[in-house]
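A short worksheet on the structure shown next.
Only the coordinates and a few stated rules stand behind these numbers; no lab work does. Model, not experiment: these values are computed from the prediction. Here the Cβ positions follow ideal geometry from the backbone for every residue, glycine too, while neighbour counts run over all protein chains shown.
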Amino acid sequence: MQRLFPACSNRLLLLSLLLGLSILPLFAQTLTEASPESVGMSTERLQRIESVVQDYVNQQRIAGAVALVVRNGKIVYYKGIGYDDMDTKSPLKRDAIFRIASQTKAITSTAIMMLYEEGKILLDEPVSKYIPSFKQPKVLATFNEKDSSFTTIPAKREITIRDLLTHTSGISYAGIGTKEANAIYAKYKIPSGIGTPNHKLSDAINLLGTMPLIHQPGEKFSYGLNTDVLGYVVEVVSGKSLDEFFRQRIFEPLGMKDTYFYLPASKAPRLTTLYTQTREGATIKRVAQGGSSPDFPKEGGTFFSGGAGLSSTAYDYVIFLQAMLNGGQYGGKRILSPITIDMMTANQIGDINVGARKFGLGFAIATEKEAARLPISVGTFEWGGIFGTTYWADPKEGIAALIMTQKYPNSYGDLSDKFKVLVYQAITKKNPQ
């Protein structure tokens, strides 16, 4: 119960139940702005966020960032800091739209769990039940760097839906995966999911199913195109495109009005400028590379990458996080059961580690080791995107927060850790446990 109602003490919940008071209105509430002091935080201390981010802007380490902090269902900090365009000095507005890349993964994982709840799939079913090209998978045995040729051995078992959700399938990433996978995927033109609007998800995933795995299924955590495969599973099982499924089943019910694979023309001007970094460390605008335009969200297309394709705002995404903290419901609309969210945010990889974290079904999960490194609570679930966006949700302290920049590659990734420290140091009263 505490997980679902982090703002309530045990005494208040018990009193409500004994008096027969309805607790459903808590679920029906939508996010509203409130004073930090009303939820046990300090306005003065939260201002340190702007000071630190502005320092990064002044040093031209980033152009700007949007930071948003929610506690116990109240927005206590929400600002655009710095510039959308460093050349024109146009300010970064807080409703700016960002390329959220791998933050797409949590939404695709949610779609899969919705189908799981409807009895349409099971987590330990083989993926080949829905995508036949994954039948009898092979594992990479030898690799020739000269021509990217390879040999394989049979996998010990088939890949399951659970393997995909936990990134333990052995599928790697195009472009940012292992050396061998980068070369093999490039040779066979497997897309990464970013900047390839004219591809088709069905073609890419069916071809991926014939590629060798980099290790045996379930053996270890390997970040890869797993969630793109899950996106195609959603399409096969639901009979809808991933874009349609997201829109009809998640975005519209939750009121996420600014989240898209491809932006409508009316919202395209709000897309933030994408920056990159020179070898000398200077921040400059990113230009088209390898046929991929930084403005791919404006281009329209037919490829819906479940692992990296969405663009969104900080506000839209925090609605999704708040729905997770609310046990699967927001604004009176339920998309998942709280029991399912417990599964998604629990360790699903056993003794395997992801740095100092574990991994659930679509989220990294903070362990005691991670909670000793940063002030987040054990059980906090989180991830981010390659263009400089980071989010987390802490059920214990009722925190949902994001900081969003737009720069890749970027050697200043320490800002996301500093942001976590800045949020938690502003807490003046811990939530009752």
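Report the FRET efficiency, 1/(1 + (r/R0)^6), for Lys285 and Ile176, where r is their Cβ-Cβ distance and R0 is 25 Å, rounded to 0.05.
Values: r = 21 Å, r/R0 = 0.85.
Calculated value: 0.70.
Could you work out [θ]222 nm for the chain from helices alone, using -39500 (n - 2.57) per DSSP H run of at least four and dividing by all its residues? Round to the nearest 500 deg cm²/dmol. Don't skip to the answer; put the middle values down first.
Values: 13 runs with 120 residues, N = 433.
The helix contribution divided over the chain gives -8000 deg cm²/dmol.
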Place the peptides 307-313, 295-301, 319-325, 114-120 in order of packing, highest mean first, counting for every residue the other Cβ atoms within 10 Å and averaging per peptide. 307-313, 319-325, 295-301, 114-120
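Stretched out fully, how many nm does the piece from Val52 to Asp414 gain, at 0.36 nm a residue minus the Cα gap?
Here the segment from Val52 to Asp414 would lengthen by 129.2 nm.
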If N is the number of residues in the range 121-238, what value comes out of its Cα radius of gyration divided by 2.2 N^0.38 Å? 0.98
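Compute for the range 275-360: radius of gyration divided by Kirkwood radius, i.e. Rg/Rh, restricted to C-alpha atoms, rounded to two decimals.
Numbers: Rg = 18.6 Å, Rh = 16.9 Å.
A ratio of 1.10.
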Excluding residues fewer than 8 positions from Lys89 in its own chain, the lysines with Cα under 16 Å of it are Lys285
Mind checking the range 22-112 for trypsin sites (Lys or Arg not before Pro) that DSSP puts in a loop (not H, G, I, E or B) and that have at most 11 other Cβ atoms within 10 Å? Lys89
Convex hull volume of the chain per residue (C-alpha atoms, cubic angstrom): 142 Å³
